[in-house]
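Notes for the one structure printed next.
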Amino acid sequence: METKSKGYNLSIYVNGFNLSYDDLGEGRVPIIFLHGFPFDKTMWELQIEFLKFTYRLIACDIRGFGKSTDEESPLSIDLFGDDLIKFMDKLNIEKAIICGLSMGGFIALNAQKRFPERFEALILCDTQCIEDTAKVKEKRYKIIDEIEANGVSEFNEGFVKNVFHKDSLTNKKEVVEQLRSVVFANSQHIITEGLVALAERSETCSSFIDITIPTLIICGKDDAVTPLAQSESMHATINGSILRVIENAGHVSNLEQPHEFAKHLSEFLGGLNGVGLESSSESISISSKS
């Protein structure tokens, strides 16, 4: 094991870059959190605070985002999946539970498809298994052309508005502003590279018949980016999966309704018998914080 450090903003050299991560709590099987595009690991801070007294929790900055800087490599979901496995290898993590939101869900499904033996359970949040249609792919590349011509500010502003429920934009302005600052911290290059990675990803729906591990699917009811219908489709196809729909939430349901989101996580993790997640009899009551 290269490092035994615990805490926030740790760094480890993985697959050609320095990967930044948080590692808190104790437990035999860690839960690894993967953020969406174009965010960073700070989007999981509340979930980590809720659950760190009972489980080992690791939140990663995906290559190119947050403090995991890489302005050179062409980005792809396959590459992110490779990074995840090599990161687990570096920390001597034989198996993990993966919790991915949006692009993080794409990475989780990609890695599970290629390395199924490395995962104990899946938590798929506001994500989908389909690849881009030709129309959507064309739209992404048009956006890239516009960004290269006019800069990234207009895209960033529109994206932030699109991921939140309308009530959040009005009533949770601090949360919106925090995420806005994360989005604008990305370089223009990383935004466009991320869009290419999304456009060129492969579908993972066809692998669902082979998924036999416990799977939780969470989606904001009014998610405009990866609509609820996509989560319902995954739920119908993944045998034994659990679907939880969060009211008054859009694409970033963990930020908009963090207490309900954490409650669903806690209930799912608590129901995983024989996985050896808990490090002690101590537990945390999520519902009391709602």
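With respect to (1) in contact with a His (Cβ under 9 Å, 6 or more places away or on another chain); (2) without any contact (Cβ under 8 Å) to a residue 24 or more places away in the chain; (3) not aromatic (F, W, Y), the lone exception for A59 is condition (2). Residues of the stretch 145-161 that are surrounded by 12 or more Cβ atoms within 10 Å (Cβ to Cβ), part of a helix (DSSP H, G or I) and not charged (D, E, K, R): I147, F155, N156, F159, V160. Scanning for something more than 25 Å from H264 (Cα to Cα), among the polar types (S, T, N, Q) and in contact with a Phe, Trp or Tyr (Cβ under 8 Å, 6 or more places away or on another chain), does the stretch 154-164 turn up at least one residue? Checking the stretch 154-164: at least one residue is more than 25 Å from H264 (Cα to Cα), among the polar types (S, T, N, Q) and in contact with a Phe, Trp or Tyr (Cβ under 8 Å, 6 or more places away or on another chain). Looking across the stretch 223-238 at every residue that is surrounded by 21 or more Cβ atoms within 10 Å (Cβ to Cβ) and outside any helix (DSSP H, G or I), the one that is farthest from the chain's Cα centre (by Cα) is identified as I238. Taking the residues in the stretch 57-93 that are part of a loop (DSSP other than H, G, I, E, B) and touching a strand residue (DSSP E or B) at 6+ places or on another chain (Cβ under 7 Å) as candidates, determine which candidate is nearest to H259 (Cα to Cα). This residue is D61.
Every residue in the stretch 179-204 that is assigned to a helix (DSSP H, G or I) and either among the small types (G, A, S) or without any contact (Cβ under 8 Å) to a residue 40 or more places away in the chain (or both), please.
R180, S181, F184, G194, A197, A199
Count of the stretch 162-178 residues, restricted to those that are among the basic types (K, R) and either assigned to a helix (DSSP H, G or I) or in contact with a strand residue (DSSP E or B) (Cβ under 8 Å, 6 or more places away or on another chain) (or both), is 2.
Within the stretch 1-15, the set of residues being over 28 Å from F159 (Cβ atoms) and touching a helix residue (DSSP H, G or I) at 6+ places or on another chain (Cβ under 9 Å) comprises M1, E2, T3, I12, Y13. Of everything in the stretch 112-132 that is without any contact (Cβ under 8 Å) to a residue 40 or more places away in the chain and assigned to a helix (DSSP H, G or I), the residue that is surrounded by the fewest Cβ atoms within 10 Å (Cβ to Cβ) is E117. Residues of the stretch 24-51 that are buried (at least 22 other Cβ atoms within 10 Å of the Cβ) and assigned to a strand (DSSP E or B): I31, I32, F33, L34. The residue list T237, T226, T192 contains one member that is out of contact with any Phe, Trp or Tyr (no Cβ under 6 Å at 6 or more places or on another chain), more than 23 Å from H165 (Cα to Cα) and among the β-branched types (V, I, T), which is T192. Among the residues of the stretch 50-67, those identified as of a type in the set (G, A, S) and closer than 13 Å to S187 by Cβ are G64, G66. If only residues of the stretch 87-111 that are under 20 Å from Y8 (Cα atoms) and of a type outside the set (A, V, I, L, M) are counted, the one that is surrounded by the fewest Cβ atoms within 10 Å (Cβ to Cβ) is N92.
We did not get these values from a lab; they are worked out from the coordinates using the rules stated. This structure is a prediction, so every number in the text was calculated from the model and none was measured. All Cβ positions, even for glycine, are placed from backbone atoms using ideal geometry, and neighbour counts span all protein chains on display.
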